[in-house]
Amino acid sequence: MANSKYEYVKSYEFEDEIMQPNLIVVRLDGRNFERFSEIHEFEKPNDVRALNLMNSCATAVVEEYPDIVFSYGFDDEYSFVFKKTSNFYQRRASKMLTLIVSFFSSVYATKWKEFFPQKELEYPPSFHARVISCATLEVLQVYLAWRQNACHSDNLCRTCFWMLIRSGKTIEEAKEALKDCQKEEKNELLFQRFGINYKKLPEMFRQGSCIFKTEVEVVVKYDEHGNPIKRLRRKPNIVHTQNIVAKKFWNEQLVLVKELGGFEDEIAKIKTEYVKSFLFENKLLPSTYIVIRIDGCHFHRFSDIHGFEKPNDAQALNLMNTCAVAVLKEFHDIVFAYGVSDEYSFVLRKNSQFNQRQASVYKTDNIFSSQIVSAIVSFFSTMYAMKWKEFFPQKNLKYPPSFDGRAVCYPSEEILQDYLAWRQVDCHINNQYNTCFWMLVKSGKTKAEAQQCLKGTQTQEKYELLSRQFGTDYSSLPVMFRQGSFVYRMKLQEVVVDHSNIIERSFWKEYSSILEEMPAHTSAANECTQTSVSAS
Ligand code: ATP
Ligand code: ATP
Ligand code: MG
Ligand code: MG
């Protein structure tokens, strides 16, 4: 990032490193999957294809990020456990959280057809995620036991519910019949009324799935005499087991014992105080402008591998803009977005009630950083994967793109405008440099020579170089390249992309309505509606 007088806004970003020796878990959960599963006609209570798709995405995550040594999932959720010595992204919670949820989401979108060949994705599935930091191995053990308990009890309940519905009961009647019903009674109900022995139902439904690696010997090459040279490699396996935190099961897995430790005791009872500690989350300062900035992960490589035009691939930028428009349509609390290259900043209105529905599960009136950031990053990532073909009909996605994200609170309109100015100054400086660099390279210089040529040059010198050597007037290049793109909602709620100088305060005078505060009830009513993909 380039230097400018707006640089000071960086000081509002906060560190969220999870200190050693805490064990780190990232848990993600389908956003609004009740509706997603209905629209995509999942079999009830358990759609095997959907569960296999979740398992396949989780396996891809485990393969992509070697620091993840154990994962456990059921229904629309998955928990990923990092090895105790992990230094993944310096243990910064928002980075870990967003990269995992972003990668998982874009794999989900790209693999959808493999598992549902007959069904189109009607709209982008997305996930919200959070980090759980476990102070000790025992806390991790309790956490995992808690999740597997939830799997057991949710599945038993859903199985009863759907059997009652199939037998002709209405939703209300089925709910009433199951109210205050204990586990044994539910088992009994299934057996007596429907002849189902719950214990005989598929393990994956009742016990969830866990993925961990085992070490296997693989042939890596052959020596000069043709003898195989073998090395130990870690391969992920999907396993279903009655009790994932049983000492007997866990302590037999060498990789788990090595990377996390062995369990000392069996879990007798899950204590409420432990569960409360899992529910702790960082909240964002109220009455501030919240900005969620997302940025493509290793897009230098991604753009190379996918043959982006240099320095600016217009189609890649249009794809980013389309995803940003979809984000504004999906999340009504976002009033403005500014994007350049592989990054986008989304501005939430000051009195945002974003995700109140989820937040209120734990506490009211709190806005949780992880909920907001993960939902936006996840939605953006699925959208990017789904829309890829529209923008690059001749190119296949070689691997799932991912984005990281962070939330920063800015206390005043002025500082928010400085933040956006900072991003646009960065766009200008980088674009001018890249334009010169690529013109030099395309004219026959090596990358090192081009770099040397530009070292220490000021803005004016770059203008002159372009005009003198290449006959190019920088200011006549496409405005989207020079100034980036902004997205906002017009009066009639239409979401549009435009390009302008947003550094000048006159921009904010002209568009004064964008940051105007809305009465709180209006913004709450607008919260989280799903957008159809074809609508963008
Ligand atoms: P939130 O956004 O708060 O997570 P949600 O609608 O996703 O809300 P959850 O409590 O996470 O609600 O429950 C997920 C729901 O998705 C389940 O109740 C179930 O109806 C549905 N679902 C998820 N996976 C499957 C599956 N494999 N087969 C059938 N239904 C599923
Ligand atoms: P990180 O994971 O740290 O973000 P990165 O490789 O994504 O690393 P950035 O500083 O984010 O690095 O820069 C993004 C890079 O992606 C640019 O330098 C450029 O090479 C490439 N890129 C992104 N969008 C485009 C585009 N529309 N046209 C051409 N290249 C692009
Ligand atoms: Mg869910
Ligand atoms: Mg990047």
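The values are calculated or read from the model by the stated rules, or taken from the named source; none is laboratory data. Keep in mind that this is a model prediction, so the values were computed, not measured. Heads up, the Cβs are rebuilt from the backbone with ideal geometry, glycines too, and the neighbour counts pull from every protein chain shown.
Please indicate, with yes or no, whether at least one residue in the stretch 288-308 is more than 16 Å from ligand 1 (Cβ to nearest atom), in a helix (DSSP H, G or I) and touching a strand residue (DSSP E or B) at 6+ places or on another chain (Cβ under 8 Å). Talk me through it step by step, then tell me what you get.
Within the stretch 288-308, the subset more than 16 Å from ligand 1 (Cβ to nearest atom) is 288-308.
Checking which are in a helix (DSSP H, G or I) leaves us with 299-305.
The next check asks that each one be touching a strand residue (DSSP E or B) at 6+ places or on another chain (Cβ under 8 Å); those that pass are 302.
Yes, the conditions are met somewhere in the stretch 288-308.
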Review point. Hey, among the residues in the stretch 64-81 that are within 16 Å of ligand 3 (Cβ to nearest atom) and part of a loop (DSSP other than H, G, I, E, B), which one's nearest to the chain's Cα centre (by Cα)?
Key: 76
Revision key, fill the gap. Note: among 515, 465, 492, just one is within 27 Å of the chain's Cα centre (by Cα), modelled with pLDDT under 95, outside any strand (DSSP E or B) and among the aliphatic types (A, V, I, L, M), namely 515
Review point. Does the stretch 18-28 hold any residues that are farther than 19 Å from residue 79 by Cα and in contact with a strand residue (DSSP E or B) (Cβ under 9 Å, 6 or more places away or on another chain), and which are they?
Key: 19
Review point. Say we look at the stretch 328-348 and pick out the residues that are in contact with a Ser or Thr (Cβ under 9 Å, 6 or more places away or on another chain) and either in a helix (DSSP H, G or I) or at pLDDT below 85 (or both); which of these is surrounded by the fewest Cβ atoms within 10 Å (Cβ to Cβ)?
Key: 329
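Conditions tested, residue by residue: (1) surrounded by fewer than 16 Cβ atoms within 10 Å (Cβ to Cβ); (2) among the acidic types (Asp, Glu); (3) part of a loop (DSSP other than H, G, I, E, B).
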site: 24; (1), (2), (3): no, no, no
site: 28; (1), (2), (3): no, no, no
site: 43; (1), (2), (3): yes, yes, yes
site: 46; (1), (2), (3): no, no, yes
site: 52; (1), (2), (3): no, no, no
site: 58; (1), (2), (3): no, no, no
site: 62; (1), (2), (3): no, no, no
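Condition (residue is within 25 Å of the chain's Cα centre (by Cα), away from ligand 2 (no atom under 16 Å from the Cβ) and without any contact (Cβ under 8 Å) to a residue 12 or more places away in the chain) applied to the stretch 120-137: is it met by at least one residue?
Quick first cut of the stretch 120-137, residues within 25 Å of the chain's Cα centre (by Cα) only: 120-135.
This time we only want the ones that are away from ligand 2 (no atom under 16 Å from the Cβ), so: 120-135.
In the following step, the residues that additionally are without any contact (Cβ under 8 Å) to a residue 12 or more places away in the chain were identified as 120.
Yes, the conditions are met somewhere in the stretch 120-137.
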Review point. Among (1) touching a residue at least 40 places away in the same chain (Cβ under 8 Å); (2) more than 16 Å from ligand 1 (Cβ to nearest atom); (3) part of a helix (DSSP H, G or I), where does residue 84 come up short?
Key: (3)
Practice item. Look at residue 175 and say whether it is outside any loop (DSSP other than H, G, I, E, B) and more than 20 Å from residue 54 (Cα to Cα). Key: yes
Review point. Name the residues in the stretch 232-288 that are under 30 Å from residue 409 (Cβ atoms) and in contact with a helix residue (DSSP H, G or I) (Cβ under 8 Å, 6 or more places away or on another chain), would you?
Key: 275, 277, 278, 281, 282, 283, 284
Check your understanding: What residue, among those in the stretch 371-418 that are surrounded by fewer than 24 Cβ atoms within 10 Å (Cβ to Cβ) and aromatic (Phe, Trp, Tyr), is farthest from residue 502 (Cα to Cα)?
Key -> 399
Review point. Among (1) part of a helix (DSSP H, G or I); (2) out of contact with any helix residue (DSSP H, G or I) (no Cβ under 7 Å at 6 or more places or on another chain), where does residue 399 come up short?
Key: (1)
